[in-house]
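The values are calculated or read from the model by the stated rules, or taken from the named source; none is laboratory data. Model, not experiment: these values are computed from the prediction. Every residue, glycine as well, gets a Cβ built from its backbone with ideal geometry; the counts of neighbours run over all protein chains shown.
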Amino acid sequence: MLSPAWISRPDEVNAKVAEWAEAYPQTLLAESRAQFAGYPVWALTVTDRSLDDAAKRKAIILKPHAHEPAPIAAQMNVINQLLTGETLDGQATPLDRDRILRECLLVFMPDANPEGTARAPVEAWDGSQYTNEEFWAWMRGPDPNTGLMWKRVDIYDDREEEVLPTRRGIVYEQIDEHHFVEPNRHHASSLFQWLFELLKRHEGVEMLLDLHQTEFEKSPYNAMVILPCLYDTQPPHLQQYEREWAEAIVAGWAELDGVEPMPEIKPLGYTGEQRQYFVERWGEIYGRYSKLTTEIQNNNPRTPPALQQRMNEVAIRVSIQRLLGAST
Ligand SMILES: [Zn+2]
């Protein structure tokens, strides 16, 4: 049973955004781009809109992958707290919302691929119904020859592939009649289209927080923060900012029961083709912005959905506290 504080299904997200937009026009700007499949991809700007944005501290929070729903639920719950003063299940928020709304401009992109999310067989992956192999076959689609997950590519054309998955992987976003992309690996995705627009619109974005989940197979840990793969080439002030920010998130997680964050904070460890996708698609952004990726365990009874959501909320809350310059 998911908690009433968990909202991740696109129809529920859309209904909640409509309700907020109606009730809180002074503190929420709700904008969407339509995916090829028709679903709205929201960019939700939360700030006191009566105040000039120039002096505000700015962050963009994003969630690329449709098989990783906890970051949607976490963002929805944080936004609800900022707008209403309460969590989605009616608890008073610990956030200093007046100050946050006055001093910060936060853009949340709770779900960059709602069409993928809508095709998932579950709202949350708790490890009780699907093995990781079955889960991965949902993520990239089942290969007809092996039944295991199909391949990971930045983009594919369904007219050109020799072997197509028997069911399209939910991680892939359809961008036209025949092309499908992994959102954080191709600039034609709704994710990148929004990100480029937002970075053009807002001067001085300080933080990009990229929320993910992974399985932590054979790992003693269930959470980690990852620095950009090009960390070593980033300007020193960004490196220092990212390292201190990452340490604060790890410290925040360590206070929760049931969380064992990986203590080492390292750059993304991909090699070969997967690394090249990141260098090509994110390289320019890494040169100009502080960016962290968080990974919370998915599809494992050790980390139930409520805890997945909570850990994502802590990552967001710690990030907001750093924007305010407050100690965490
Ligand atoms: Zn991911």
Consider D232 carefully, then state whether it is more than 23 Å from A59 (Cβ to Cβ) and in a helix (DSSP H, G or I). yes
Residue hits (the range 118-134; more than 17 Å from the chain's Cα centre (by Cα), assigned to a loop (DSSP other than H, G, I, E, B) and of a type outside the set (S, T, N, Q)) are P121, V122, D126, G127, Y130
If we keep only residues of the range 155-185 that are out of contact with any strand residue (DSSP E or B) (no Cβ under 6 Å at 6 or more places or on another chain) and within 14 Å of the ligand (Cβ to nearest atom), then the residue farthest from L2 (Cα to Cα) is R185
Listed by first then second residue, the pairs whose first member lies in the range 199-221 and is closer than 20 Å to L44 by Cβ, whose partner is charged (D, E, K, R) and outside any strand (DSSP E or B), with beta carbons under 6 Å and at least 6 positions apart or on separate chains, are L211/K63; H212/E68
Within the range 35-94, residues being of a type in the set (D, E), touching a strand residue (DSSP E or B) at 6+ places or on another chain (Cβ under 9 Å) and without any contact (Cβ under 8 Å) to a residue 40 or more places away in the chain number 1
The lone condition A188 fails out of (1) farther than 14 Å from P64 by Cα; (2) in contact (Cβ under 8 Å) with a residue 24 or more places away in the chain; (3) small (G, A, S) is (1)
Reported set for the range 254-280 where residues are modelled with pLDDT of 95 or more, touching a helix residue (DSSP H, G or I) at 6+ places or on another chain (Cβ under 6 Å) and either farther than 25 Å from E217 by Cβ or not in a strand (DSSP E or B) (or both) is G258, V259, I265
Filtering helices (runs of 4 or more DSSP H) wholly in the range 1-117 for at least 2 residues that are in contact with a helix residue (DSSP H, G or I) (Cβ under 7 Å, 6 or more places away or on another chain) and under 26 Å from G141 (Cα atoms) gives 10-23, 70-84
By residue number, the members of the range 190-215 that are within 13 Å of the ligand (Cβ to nearest atom) and assigned to a loop (DSSP other than H, G, I, E, B) are E215
Taking the range 307-327 and keeping only residues that are hydrophobic (A, V, I, L, M, F, W, C) and within 15 Å of E247 (Cβ to Cβ), one is left with V314, A315, V318
All conditions in (1) in a loop (DSSP other than H, G, I, E, B); (2) surrounded by fewer than 20 Cβ atoms within 10 Å (Cβ to Cβ); (3) not aromatic (F, W, Y) are true of Q240 except (1)
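So that you can scan it fast, the table gives a plain yes or no per residue for (1) within 16 Å of the ligand (Cβ to nearest atom); (2) surrounded by fewer than 23 Cβ atoms within 10 Å (Cβ to Cβ):
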site: E244; (1), (2): no, yes
site: Y270; (1), (2): yes, yes
site: L292; (1), (2): yes, yes
site: R302; (1), (2): no, yes
site: N312; (1), (2): yes, no
site: R317; (1), (2): no, yes
